Number of protein chains: 2
Amino acid sequence: MTVVSRFPVIEIFGPTVQGEGMVIGQKTMFIRTAGCDYSCVWCDSAFTWDGSGKKETRMLTAEEIVDELRAVGGNAYSHVTISGGNPALLPRLEQLIERLHDDGIRVALETQGSKWQDWFLLVDELTLSPKPPSSTMTTDWVALDAIVSKLTAGERDFSLKVVVFDEADLRYAISVHRRYGNVAFFLQAGNDDVKESDTTTLLHRLMRKYVWLVETVMASEELTNVRVLPQLHAWLWGNKRGY
Amino acid sequence: MTVVSRFPVIEIFGPTVQGEGMVIGQKTMFIRTAGCDYSCVWCDSAFTWDGSGKKETRMLTAEEIVDELRAVGGNAYSHVTISGGNPALLPRLEQLIERLHDDGIRVALETQGSKWQDWFLLVDELTLSPKPPSSTMTTDWVALDAIVSKLTAGERDFSLKVVVFDEADLRYAISVHRRYGNVAFFLQAGNDDVKESDTTTLLHRLMRKYVWLVETVMASEELTNVRVLPQLHAWLWGNKRGY
Ligand code: SF4
Ligand code: SF4
């Protein structure tokens, strides 16, 4: 008998465009799970783990999540992104992923790569986003090595993404890219002001950051087979939630 | 004996980021070939075919192109994008693609899909960009069907991309997506002002266009498994050439 699990869900919204990473631009629904084993200083979804979103968090089964996706998104989607927090804290998430696959829905998921789950092998587009020094977190290389090995052996479509705020982060990104040379590698310009509420001010700030990152990477001989992307949703909708 | 071909090259630049389509954000060198069998009213590289770029066009061998890429880009790249005009007008382009592969360089190429070339099967990331009604061009569906079939049979990594300016273009995009349902499908917001020289004015105009396209696609039940992207380079650098 399979025990039906419940997952801590803090928000379900969409369809909207995925604003970043390997499937940037994809029309998708978002499921945001609560809880994280990290506490990055610049976390743009701290409400998933700092207690402030506790009241919004509901314990839902896969079936209930699927129903709510349908209620919110109608028939206008065929792709779902699971984000957090860190969804890799949830051991039985295959119940949700398989249920979505049954409906012909593709599933993307992002995690920092601190913990393995066997259901990683079911995810259609998996992003591992190890955190650079500016986050104040420390990477567990042993865990990350094991995850990359298993995904590579499983021939999954996955990628690495490093958010870059400064020179130290860029050096960290280079070391990640060197360590996992064959894995699709994305650099993302960091949003260092997750409180700014004026969208135009934020836009120009984020664009300057992105141009800096582009120019730095273009000049580098250590970063050649890489992709450099912004957070498109932040350019368009600023720091608002639910986009 | 292989005859060494010469190709009409109008510009070689980079490294820069690919601003659009299936490998958006990729660090790449650009080779732009001269000549097109179309004359889209909003063509953003009309200088490749309207006579205005004639003086800049040089007939180069694959070896000369590879040398010039190295002279311009140093050792800071491992990806090359071939664009036009329509590079599919050039029958012996495998000489260039194979030469680049010999150096471990990945090759992307974009064409409107009006003509097949056997070397399409060598391209690492091929974008077919059939032109919507606003271009004033007419799609040759027989040619496009054949191209899509051959690329599918060859198990190549390719995608369809339709630039959308208005409602009629969107209906065209839906018909393309319906016809080739299994092919990765990208929608791109069109730049309807390739003459605007004020970058900020252009940026806000392009962003409005992109938001319109995003909102329209998000509401559609006919466009679910799609990606909607801007032209990132135009947002950043406006209508300047060489970016
Ligand atoms: S790993 Fe992600 S969700 Fe967790 S604290 Fe860092 S940025 Fe926030
Ligand atoms: S097919 Fe491309 S290069 Fe040719 S006219 Fe149209 S937009 Fe310009």
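Where does helix A:199-219 land angle-wise versus the long Cα axis of chain A, in degrees 0 to 90, nearest 10?
60
Between copies, how close do the A:Trp141 label points come, placed 7 Å along Cα→Cβ, listed in nm from shortest?
When each copy's label point is compared with this one, the spacings are 5.8 nm.
Suppose we keep just the DSSP beta bridges with both residues in chain A; what percent of those would be antiparallel, to 5? Walk me through the intermediate numbers first.
On the way: 9 of 33 bridges.
Antiparallel bridges make up about 25 percent of those DSSP assigns within chain A.
Under 11 Å from the Cβ of B:Gln26, count the other residues' Cβ atoms, weight Lys and Arg +1, Asp and Glu -1, and hand me the total. Write down the numbers at each step before the final one.
Working: positive: A:Arg227, B:Lys27, B:Arg106; negative: B:Glu20, B:Asp124, B:Glu125.
Once positives and negatives cancel, what remains is 0.
Send over the Kirkwood Rh of the protein assembly as shown, from the inverse of the averaged 1/r over different Cα pairs, rounded to one decimal Å. All intermediate terms of the calculation are to be shown ahead of the outcome.
Numbers: mean 1/r = 0.0426 Å⁻¹.
By the Kirkwood definition, the hydrodynamic radius is 23.5 Å.
Measuring from a point 7 Å out along Cα→Cβ, what nm distances, shortest first, does A:Arg156 have to its partners in the other copies?
3.1
For an R0 of 35 angstrom, estimate the FRET efficiency from the Cβ-Cβ distance between B:Asp140 and B:Ser220 and round to the nearest 0.05.
Numbers: r = 26 Å, r/R0 = 0.75.
My answer for the efficiency is 0.85.
Under the rule of -39500 (n - 2.57) per DSSP H run of 4 or more residues, summed and divided by the residues of the protein assembly as shown, what mean residue ellipticity at 222 nm is obtained, to the nearest 500 deg cm²/dmol? Walk me through the intermediate numbers first.
Values: 12 runs with 148 residues, N = 486.
Calculated from helices alone, the mean residue ellipticity at 222 nm is -9500 deg cm²/dmol.
Taking the axis about which chain A rotates onto chain B, which residue of A lies nearest it as judged by Cβ position, and how many whole Å separate them?
A:Ile24, 3
Would you order A:Thr33, B:Thr16, B:Thr152 from fewest to most other beta-carbon atoms within 10 Å of each residue's own beta-carbon? Each step should come with its number before you reach the end.
On the way: A:Thr33 26, B:Thr16 23, B:Thr152 13.
Neighbour counts put them in this order, fewest first: B:Thr152, B:Thr16, A:Thr33.
Which distances, shortest first and in nm, link A:Ser39 to the matching position in the other copies, using label points set 7 Å out along Cα to C-beta?
6.7
Would you order B:Lys131, B:Lys115 from fewest to most other beta-carbon atoms within 10 Å of each residue's own beta-carbon?
Numbers: B:Lys131 22, B:Lys115 16.
By the 10 Å Cβ count, ascending: B:Lys115, B:Lys131.
Roughly how many whole Å is it from the C-alpha centroid of segment B:97-113 to that of segment B:179-243?
25
If I fit a long axis through the Cα atoms of helix A:167-179 and take the longest principal axis of the Cα atoms of chain A, what angle between them do I get, 0 to 90°, rounded to 10?
Relative to chain A, helix A:167-179 is tipped by roughly 70 degrees.
Since every read-out is calculated from the coordinates, none of them should be taken as a lab result. All values derive from a computational prediction rather than experimental measurement. Note: ideal-geometry Cβ built from the backbone for every residue, glycine included; neighbour counts use all protein chains shown.
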